[in-house]
Each structure stands twice: as structure tokens, then as C-alpha cells.
């Protein structure tokens, strides 16, 4: 005859063995282990796609806008810096906030001295860019550099994924075109 204590020990052994053999919750546990890294990867992929898509769109718009300067349309219409910025903005409105566009148009003395590099930005206490940008479309035969910049908001992704390249935690994207104005403007 078994005692109640022995019967409960045997029942406990059986329930422990049954718990170990039971695989009904295994899928849920496996999903729980894999879900967080998978979602982190998806968020990182989406953010990377958006940044590179915006960069490519900005490059295409800069090439179109540079053509306005190179063919003399900006010079003959005597477009101001704000008017030229609006022309650039018309081509890019869907994906960007026009107020955040920064346009730098300058004449270079030669191809080797053309400044096509990424500028360092300065910010005020509200986080707004305080740089002053040049606006000189040049004349016939001048070498001109057009840089259009935008501070793209990025978020710190899961697992430390970070696309920022400026001190505010955002990403400065830039499109550049260096060209020589047509000889007869």
C-alpha cells in the first residue's frame, strides 16, 4: 500500500515528465525568441530604404535644377535665391519639407577647387541650421557647383542601429552637381 506522500511524489514525477514532453507551447516560445530580432531587422530595413530613396530623389532633383543654371534660364530670368529654391522645391515637394531645403550655388575658380564636400552645419538653440549659403549662378563658361542639402529625420533603431551623421541625431543628405555653364547665356 502506498502512502499519500508517496502517491503525490509519483504524481509529481508524472506531471513533470508530461510537462517536459508537452510541445504545445514550443511554437509560441520560439516565436517570442525570434520576433524581436526579426522586427528590429524590418525596422532597420525600412529606415535604410527611406534614407537611400530620399538621397536618390534629391540627387535627381539636383541634376534637373543644375540644368536650369547651366542653360542660363536662372540668369536670364534673374531668379533670386528664394525663387531658385522654390524651383527646386517644385520638383521635390512630395517627399521633403521645402522649408528644410538648403541650397548652395557657387562659382569655382577651377575644377580642382570646386567644393563638392559635405558641409559642417551649425545649429541654434532651437536646433535650426544657421549656416549662410552662397548663391551665385555665374556667367557664360563659369564652373558652378550646386549643392542641395536636407536634414533627414532618423530614429535610433532597435539593437543600436543608427543612420545619423550629424550632431542632432539626424542625417544630412546632399545632392551635388558640378558643371560648366554653357558658353552663350
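Bear in mind that the values in this text are calculations on the coordinates, not laboratory data. Just so you know, these numbers come straight off a predicted model, no measurement behind them. Cβ atoms come from the backbone with ideal geometry, glycine included; neighbour counts cover every protein chain shown.
Going by the alpha-carbon gyration tensor, a ≥ b ≥ c the square roots of its eigenvalues, is the stretch 61-108 rounded (a/c under 1.5) or, if a/c is not under 1.5, prolate (a/b greater than b/c) versus oblate?
Working: a/c = 1.76, a/b = 1.70, b/c = 1.03.
Note, shape of the stretch 61-108 comes out prolate.
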Principal-axis tilt of helix 81-92 within the chain, Cα atoms, nearest 10 degrees
40
With the Cα gyration tensor of the chain giving a ≥ b ≥ c as the square roots of its eigenvalues, does the rule (a/c under 1.5 for rounded; else a/b larger than b/c for prolate; else oblate) give rounded, prolate or oblate?
prolate
Mean Cβ neighbour count within 10 Å, used as a protection proxy, ranking 65-74, 40-49 highest first
65-74, 40-49
Most mobile of 53, 31, 161 per a Gaussian network model of the chain (Cα springs, under 10 Å)?
31
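Given the Cα-Cα distance of residue 131 and residue 90 and 0.36 nm per residue of separation, how much length would full extension add, in nm?
Numbers: separation 41, 0.36 × 41 = 14.76 nm, distance 2.29 nm.
Answer, rounded to one decimal: 12.5 nm.
Compute the FRET efficiency between residue 45 and residue 82 as 1/(1 + (r/R0)^6), taking r as their Cβ-Cβ distance and R0 = 35 Å, and round to the nearest 0.05.
Details: r = 38 Å, r/R0 = 1.08.
Once rounded, the FRET efficiency stands at 0.40.
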Name the most mobile residue of 142, 104, 82, meaning the one with the largest mean-square fluctuation, in a Gaussian network model of the chain with Cα contacts below 10 Å.
82
Obtain the nm distance between the two label points defined at residue 98 and residue 115 by a simple spin-label model: each point lies 7 Å from its Cα along the Cα-to-C-beta direction.
2.7
Packing-based ranking, highest mean first, of 83-92, 113-122 given that Cβ atoms within 10 Å are counted
83-92, 113-122
Between residue 178 and residue 71, what is the label-point separation in nm under the 7 Å Cα-to-beta-carbon projection?
2.4
If one builds a Gaussian network model of the chain from Cα atoms under 10 Å apart, the most fluctuating residue listed among 162, 124, 170 is 124
Helix 4-21 sits at what angle to the longest principal axis of the chain, using alpha carbons and giving 0 to 90 degrees rounded to 10?
30
